[in-house]
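What follows is one structure encoded as structure tokens, with my remarks underneath.
The values are calculated or read from the model by the stated rules, or taken from the named source; none is laboratory data. None of the values given here were measured: they were computed from a predicted structure. FYI the Cβ positions are ideal-geometry reconstructions off the backbone, even for glycines, and counts take in every protein chain you see.
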Amino acid sequence: MLFIAGCPSQKPEQAKASPPEKAEQAKAAKPALPPLTALKVETVTKGTGDGAQNGDLLNMTYTGTLADGTQFDSNDKPDGQPFPLVLGAHQVIAGWEQGLLGIKTGEVRKLSVPPGLGYGSRAVGPIPANSDLYFTVKLLGLVRAKDLFNYESKDKKVGVGPAVKKGDTVTIAYEAYLLNGKSIDSRKRDKPQVLTVGFEASGVSHGILGVDRGILGMRVGGIRRLRLPPALMADRLAQDQRMPRNAIVDWEIELLKIGK
């Protein structure tokens, strides 16, 4: 719903109400707010870190409503997927491009968007022409433009013994999460993954260069958290429908064994 050009790989999800639900929505509709003349940005919950800049990859949750309170779109639900966008790339309406500048990780904002920064005189799906749009958005995480090929790594537990090096065969348990906490892939300790480090076509590392690199230096019993940008998971994202394109994915990896 938010894209203004091209076809997104992941479209925001539009809830379809049954007739009784529509009737209830009509009853619950609030009096329309006064027409907007300019973009209004309000911070509801403060975030942390540096603010988003043009060129950064953002993963968001959002809910959009009309002036009378009618909800037209949302991905903020348990089975939802974070909405990805590159800020400043004209992938979303101008109200978002301007209203998301400077947003920090964990920050919740309210964006009040006049028609000129939304869809203007066009009717789009359930949004009538010349509509003011109201969004509640949250930045789940971002990757800086300069870091699109880098990953974040943090050891939750340091293991013992020799460190993993390129060419080692290792046995791992892992779980992968979207930034909204939704689990999308896992191997438990009773059904672990065996792979050869340094060869991305082996096991779980197929297409996940970040996992392959991120295991280096781990020791048996260690648990490491990786945050991988899409560029380090490109092939896997293309093959696995559970992983939306341009998703930032957290991996928690436990090293169970080095050697066959």
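Report yes if Gly95 is touching a residue at least 40 places away in the same chain (Cβ under 8 Å), surrounded by fewer than 16 Cβ atoms within 10 Å (Cβ to Cβ) and among the small types (Gly, Ala, Ser), otherwise no. In short, no. Mind checking whether some residue in region 190-206 is in contact with a helix residue (DSSP H, G or I) (Cβ under 9 Å, 6 or more places away or on another chain), more than 30 Å from Ala32 (Cα to Cα) and in a helix (DSSP H, G or I)? Yes, that holds for at least one residue.
Of the set (1) at pLDDT 95 or above; (2) crowded, with 20+ Cβ neighbours inside 10 Å, all apply to Lys257 but (2).
Exactly one residue out of Ala176, Ala145, Ala129 is without any contact (Cβ under 8 Å) to a residue 24 or more places away in the chain and among the aliphatic types (A, V, I, L, M): that is Ala129. Checked against the criterion of being under 27 Å from Arg245 (Cβ atoms), assigned to a helix (DSSP H, G or I) and touching a Leu at 6+ places or on another chain (Cβ under 8 Å), region 52-72 contains not a single residue that satisfies it. On the basis of being farther than 28 Å from Ile223 by Cα and of a type in the set (Lys, Arg), does Arg122 make the cut? Taking the combined requirement at face value, the residue satisfies it.
I need a count of the residues in region 128-139 that are within 21 Å of Leu85 (Cα to Cα), surrounded by 19 or more Cβ atoms within 10 Å (Cβ to Cβ) and not charged (D, E, K, R).
First, the residues of region 128-139 that are within 21 Å of Leu85 (Cα to Cα): 133-139.
Now narrow it down to the ones that are surrounded by 19 or more Cβ atoms within 10 Å (Cβ to Cβ): 133-135, 137-139.
Retained after the next criterion (residues that are not charged (D, E, K, R)): 133-135, 137, 139.
Matching residues across region 128-139 total 5.
Looking at region 155-189, which of its residues are among the small types (Gly, Ala, Ser), within 26 Å of Leu57 (Cα to Cα) and not in a loop (DSSP other than H, G, I, E, B)?
Our first condition is that a residue be among the small types (Gly, Ala, Ser); within region 155-189, this holds for 159, 161, 163, 167, 173, 176, 181, 183, 186.
Still in the list and also within 26 Å of Leu57 (Cα to Cα): 176, 181, 183, 186.
Result: Ala176, Ser183, Ser186.
Evaluated against (1) surrounded by fewer than 21 Cβ atoms within 10 Å (Cβ to Cβ); (2) over 15 Å from the mean Cα position of the chain (by Cα); (3) assigned to a strand (DSSP E or B), Gly116 falls short on exactly one condition, (3). Within region 213-220, not a single residue is in a loop (DSSP other than H, G, I, E, B), at negative phi, at pLDDT 90 or above and among the small types (Gly, Ala, Ser).
Scanning region 9-48 for residues that are touching a Leu at 6+ places or on another chain (Cβ under 9 Å) and at pLDDT 95 or above returns Ala38, Leu39, Lys40, Val41, Glu42, Gly47.
Residues Lys138, Lys110: which one is under 15 Å from Lys40 (Cβ atoms) and modelled with pLDDT of 95 or more?
Lys110
Write out, first by first residue and then by second, each pair whose Cβ atoms fall under 6 Å of each other, whose residues are 6+ apart or on separate chains, and whose first residue, in region 183-199, is surrounded by fewer than 16 Cβ atoms within 10 Å (Cβ to Cβ) and at pLDDT 90 or above while the second is of a type in the set (Phe, Trp, Tyr) and assigned to a strand (DSSP E or B). Listed pairs, sorted by first residue: Ser183/Tyr177. Among the residues making up region 129-147, those that are in contact with a helix residue (DSSP H, G or I) (Cβ under 9 Å, 6 or more places away or on another chain) and either outside the structural domain of Asn75 (by TED's automatic domain parsing) or assigned to a strand (DSSP E or B) (or both) are Leu133, Phe135, Val137, Val143. Beta carbons closer than 6 Å, at least 6 apart along the sequence or on distinct chains, pair a first residue in region 156-170 that is farther than 16 Å from Val211 by Cα with a second that is in a loop (DSSP other than H, G, I, E, B) and of a type in the set (Lys, Arg) for Gly159/Arg219; Val160/Arg219; Gly161/Arg219.
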